[in-house]
Structure formats: structure tokens, C-alpha cells
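Worksheet: the structure to be examined is printed underneath.
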Amino acid sequence: MTKYLYVFLILAIVSCVDKSKTELPEPTGKYSGIFKKGNFEDSITIDIERDSTDWKVFFSSLQQNANRIPFREVEVNGDSINFKLQSDFYTYSFKNKFENNNTELRGTLAVDTVEIQYALFKTMADEKVLSAEDIGYESNGLHLNGTIFYPAPQKDNNMGLIIVTSSGNSDRSASRAEAQLFAKQGFTTFIYDKRGTGISEGNWPMASIEELASDDINAIKRFSEKTTIPLNLIGIKGSSQGATKIPYILNELKELKYGIAVSCPGTTLLESDLNYWKNRNTKNLGINIEQATSFERKVFETIAGNISKETLEKEINLIKSQDWYNMVWIPKLDEIEIDKKLNFTPIPYFEKTKQPVLIVQGSLDEIIPEDSHEVITEALKKAQNKNYEIVLLQGASHSMYDIGQSDFPYWSKIHPEYVATLENWINTISVTN
């Protein structure tokens, strides 16, 4: 009996040893690498996670302003893992295999009629690069929430960069990739859910620009208090509608070090929206574009609360016989909600701004008027501001994406000069001021 027990124990030990020799590392983790197609190149990361019931996979690319976008239809079979991404126009199908002891992920991306091979390599977690902290704060009787990203190694009184909120219903996730990008460049950054988005209380559609800017100001103060970075070492950055708040906030918090306004209209938000409508419809309306735009202005004026719905209804009756009537946008009159934000313009506040300001505009911006950077320049001259810079990025869109000729037009990328432009200007301001 003892002999058989001894043999059993030996076999058990050998079985355990053999298993330990052949068992592979977990395939879960972060896989990163360079994705290339002709003149297109992008650094991408795929995070693979697994819980007790399911696999989850996420896509990130700082150059695409994408942060942990969830894949769908995740399928795992042996050493293979497949998944898909869906955009408004395309389906991206990824077919992959784990290789080299689960330290490499090699696969093929199929989109439209194109197939491209790529190789990604498992990386260590990025806690040594930056860390994040979620915080809450009060603003105008509302509880708002945000995330601070700290660079590593952390420094005493390092530079702070706050990305103020913009238009629409997007929460802080819309700015997460950019915040992380600048945190990796050494800035302590802060993003937050605008009132009524994410997990912040409130109703942003009913708020004025001044009320939304007040939320930004309270966020800035909370960030300074939490990080102990003084206001004179904090800069603020905004895009589009967020950019229009930059001079307003700088005038309210004069201790702030600088402001960066990206894709900022040199007009009211109404004029900017109308300009976008005109650019999008010029081709279809042809010679009727000016007449149609004149009518469409009245639609936007109604939404802004500047003319009555009854007045707009009379205008609608006047154009019903026009050939282009069915080509203009007419909302249902009983569903129109007044939005006074459309009447806001940043120009009076630029005319009083003394802090350093960087204005960045894309040459292919379809939304803001083409001469916006010139109008803002004149306003800053009126303020006798001696420390501003205007940068016109060739081939950049309103969202600062590079929309030049690409061998892989299925993904958008941030303009290659955008981040460097901001970083170099900030570093210059830090040295000279």
C-alpha cells in the first residue's frame, strides 16, 4: 500500500511540474505597436481583459483622440481572438492570433476592400507614466465630477493644463485622450463632466455660456486647491464653443497663466453655425445658396430667441413656392427650444484679455468663418496684448484632424503639428513669463 501511495505522489508531482513548464502567460494585457499603410502611420493600443464570464477588448489611439473604445463581437478560440469596431461609415474587422508565449498579437484589419497586417507587442501597465484621480466639486448648487491626470515623476508646482468643456452632450471622455497625451508630456491635466453630462448634475441645454463658464471657473479653483498648483502656473485650453469661453475665463481669473483657443469663431456662435450650414449646402443649392442662407438665418435667429416663432412661420409661407424650399432645414416650430448661447461672442472679452493667448485655426475648418483668426487678432490688438500667437494649420479640420491625402482614409488622425504647436508655445511662455 505504501509503495502504491509513493508512486501516486511521484506521478502527481511530475504532473504539476510538467503543467508549470507548458502553461503560457495570460493573454490578457495591453498590446501596443505601429499601424502602417503607405503614408499613414499611427500608434495604437489594444487592451484585452477577461472576467469570470466574458472577454472585453478596447481600442486606444492618442493620435485619433480615441481612448478605450470598446470592440464588439469579441470571439476567442484557442490562440485566436477576433473583434470589430463600428463607425458611422465603416466596419473594422480585426482577426488576431497570440504568438510568442502570448507576448505578441499579430493580426489583419479588414475595412471596406482593404486588408492590412499589423503586429502589436505586450507592454507593461502605464502606471509609471501617469496616474489618475477622480474628484468631485460643487458649482452653482450642482455636484460636478472630473478626473486629474498626474505625470510621472510628479513635480512640485509643475504646470497645470485644464481642458474646459465644449458644446453638445459629450462628457469628459471626449477629452480623455488629449488630457493623457499632455500628462505624458509632463503636465498635470484636468477634465470634467459638464453639467448634465456623465455623472455631473444639472442641465446644460438650459444654461447660458456665462453659467457654463462659471462651472469651468469653479473646476479650475478646485483643481488648484487639490493639486496645490497655483493659478499663475495653470493654463486653460478650449476648442470650438469651449474656445469662446477662454477669454471670458481669463478675464474672470486674471491670475491664470495663459489661454489656448482652438477653432474659435470670431463671431457669435449663431454666425458660426450658419456658416457651417452654408458650407455644407452650397454645392446642392448652387445659385440659390445666398437666398436660402438668408432664410436659414431666420431659423437660427428663432432658436436664439431673437425673433418669434410666428415671424418665422410667416417667412416659411413666403418661400414655400421656391424650388429650394425642400432643401433648407426647418425644425418643427412647436419643438423649438430657445438657446441664448447662440448669441454669445468671444470678441468683447478678447478685447480685454492681457494674458498670453494662442489661437489655432485649421485651414480646412468648415464651421467657423474663415477670417476668424484675423478678427481675433484685431481684438487682441485692441486689448494691447503683446503676447499672443496665431497659428493656421494647413490641412487641419475644425476638430484638428489632418484631412490631407492619406493612403488609409478610414481613420482620422490629429494634425501632426497640432500637439507640438501647443507644447512648444506653452514651453516658450513658461520660459519668458
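The values are calculated or read from the model by the stated rules, or taken from the named source; none is laboratory data. Note that the coordinates shown come from a computational prediction; the quantities given were computed from them, not determined experimentally. All Cβ positions, glycine included, derive from the backbone under ideal geometry; neighbour counts span all protein chains shown. Protein only, heavy atoms only, side chains kept; ligands, DNA and RNA dropped before computing areas. Shrake-Rupley method; radii C 1.70, N 1.55, O 1.52, S 1.80 Å.
Restricting attention to segment 35-57, which residues are open to solvent by 30 Å² or more (accessible area, probe 1.4 Å) and either farther than 16 Å from Ile414 by Cβ or of a type in the set (Lys, Arg) (or both)?
Correct list: Lys36, Lys37, Gly38, Glu49, Arg50, Asp51, Ser52, Thr53, Asp54, Trp55, Lys56.
Is it true that some residue in segment 155-177 is at pLDDT 95 or above and surrounded by fewer than 20 Cβ atoms within 10 Å (Cβ to Cβ)?
no
Which condition does Asn284 not pass, out of (1) touching a residue at least 24 places away in the same chain (Cβ under 8 Å); (2) outside any helix (DSSP H, G or I); (3) surrounded by fewer than 17 Cβ atoms within 10 Å (Cβ to Cβ); (4) of a type outside the set (Lys, Arg), if it passes all the others?
(2)
State yes or no: is Ile69 open to solvent by 20 Å² or more (accessible area, probe 1.4 Å), of a type in the set (Val, Ile, Thr) and more than 15 Å from Phe98 (Cα to Cα)?
Yes.
Can you tell me which residue in segment 287-329 is nearest to Leu342 (Cα to Cα), limited to those that are aromatic (Phe, Trp, Tyr) and part of a helix (DSSP H, G or I)? I'd like the intermediate steps shown before the answer.
First, the residues of segment 287-329 that are aromatic (Phe, Trp, Tyr): 295, 300, 324-325, 329.
Narrowing the set further to residues that are part of a helix (DSSP H, G or I) leaves 295, 300, 325.
On the way: Phe295: 17, Phe300: 8, Tyr325: 24 Å.
Applying the filter and picking the extreme gives Phe300.
Starting from segment 387-408, take each residue that is farther than 18 Å from Glu370 by Cα and list its partners that are outside any loop (DSSP other than H, G, I, E, B) and of a type outside the set (Ser, Thr, Tyr), counting only C-beta distances under 6 angstrom and pairs at least six apart or across chains.
The qualifying pairs are Tyr388/Val357; Tyr388/Leu380; Ser406/Phe40; Asp407/Lys37; Asp407/Phe40; Phe408/Lys37; Phe408/Phe40.
Which condition from (1) assigned to a loop (DSSP other than H, G, I, E, B); (2) open to solvent by 30 Å² or more (accessible area, probe 1.4 Å); (3) within 30 Å of Ile34 (Cβ to Cβ) is the one that Phe408 breaks?
So the condition that Phe408 fails would be (2).
Which ones in segment 287-296 are surrounded by fewer than 17 Cβ atoms within 10 Å (Cβ to Cβ) and either more than 18 Å from Asp323 (Cα to Cα) or acidic (Asp, Glu) (or both)?
Within segment 287-296, Glu290 is the sole residue that qualifies.
Regarding segment 359-376, can at least one residue be identified that is at positive phi and either part of a loop (DSSP other than H, G, I, E, B) or surrounded by 21 or more Cβ atoms within 10 Å (Cβ to Cβ) (or both)? Talk me through it step by step, then tell me what you get.
Pass one, segment 359-376, residues at positive phi: none.
The answer is no, given that none of the residues of segment 359-376 is at positive phi and either part of a loop (DSSP other than H, G, I, E, B) or surrounded by 21 or more Cβ atoms within 10 Å (Cβ to Cβ) (or both).
Return the only residue of Leu274, Leu250 being over 21 Å from the mean Cα position of the chain (by Cα), without any contact (Cβ under 8 Å) to a residue 40 or more places away in the chain and open to solvent by less than 10 Å² (accessible area, probe 1.4 Å). Step through it out loud before you land on a result.
On the way: Leu250 fails: without any contact (Cβ under 8 Å) to a residue 40 or more places away in the chain.
After applying the criteria, what remains is Leu274.
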